1. In nanometres, what is the gap between the two model label sites at Asp209 and Phe173, each 7 Å from Cα along Cα-to-Cβ?
2. For Val82, list long-range residues whose amide hydrogen, built 1.01 Å from N in the peptide plane, is under 5 Å from its own amide hydrogen.
3. Short version: ³J(HN,Hα) in whole Hz for each residue of the stretch 92-97, in order, from phi by Karplus 6.51 cos²θ - 1.76 cosθ + 1.60 (θ = phi - 60°), x for Gly and Pro, what are they?
4. I need the calculated FRET efficiency for the pair Thr216 and Arg56, taking r as the beta carbon distance and R₀ as 22 Å, to the nearest 0.05.
5. Ignoring everything but the protein chains, give the 1.4 Å probe accessible area of Leu130 in square angstrom, nearest 10.
Amino acid sequence: MNQRLKNRMMLVATVFMLAATAFLIARNEELIFLGRGELSVARDRADPDTIVFTWRDKVEAPMARRFEEAWREWKNEGSRVVIDLHSPGGVIGEGERVIRVIDRMKRTHVVDTRVRGRRACYSMCVPIYLQGEERYAAPNASFMFHEPTAYDFYTGEKVDQPQFEKDMMSRKFFEMYFVNSPMNPSWGQRLVQDWKGKDLFYSGRELVDQDSNIVTVLE
């Protein structure tokens, strides 16, 4: 067998191995996400012009992908979207990708958000909730605010950061998601002082009574 033929066979084998590897990676991703992050989408029974996106899971992959896929299917339907949330929060990057999908929704539809009775919106869920033009919540809906926490990408374990890194990360998070949000600025400044090293919980009614402008409609 001459060298040229050997080289060609090695090239074909390499291409085959790369294709097989890509297939296995894609297949493993599907298996990892199987049964997780299910987004329910339906017309509102009381108002057929409203499409309800219901999310009951962490803010992590495949949330943004689910929203993207659902929006491609429903973007020509109705004129209003309600995003119904119940989430313990999750990954900042995934939340940012979800917010970018919501921004596209707003180009053609009114987008409102909602947290129902005895449901929760914690951590990174709150910046998503704040994307609603009207933000509905039950009086006993629960909201939680805290400074962002760094986790090791590979192990998932919490990273013990120096204080100056924690402060910088916290400041960037606040500036990105709360400074230009509908949140009452004076309430936000109190939040910055109070959330250091703490998880702060508020009901929907408390957020209204405190004039936070996070919840706009109690239901």
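1. 2.7
2. Ile51, Val52, Phe53, Asp112
3. For the stretch 92-97, the Karplus curve yields 4, x, 5, x, 4, 5 Hz.
4. 0.45
5. Taking all protein chains as shown, Leu130 has close to 10 Å².
The values are calculated or read from the model by the stated rules, or taken from the named source; none is laboratory data. Since the structure is predicted, the reported quantities are computational estimates derived from the model, not experimental observations. All Cβ positions, glycine included, derive from the backbone under ideal geometry; neighbour counts span all protein chains shown. Surface accessibility is based on the protein's heavy atoms, side chains included, excluding ligands, DNA and RNA. Shrake-Rupley method; radii C 1.70, N 1.55, O 1.52, S 1.80 Å.
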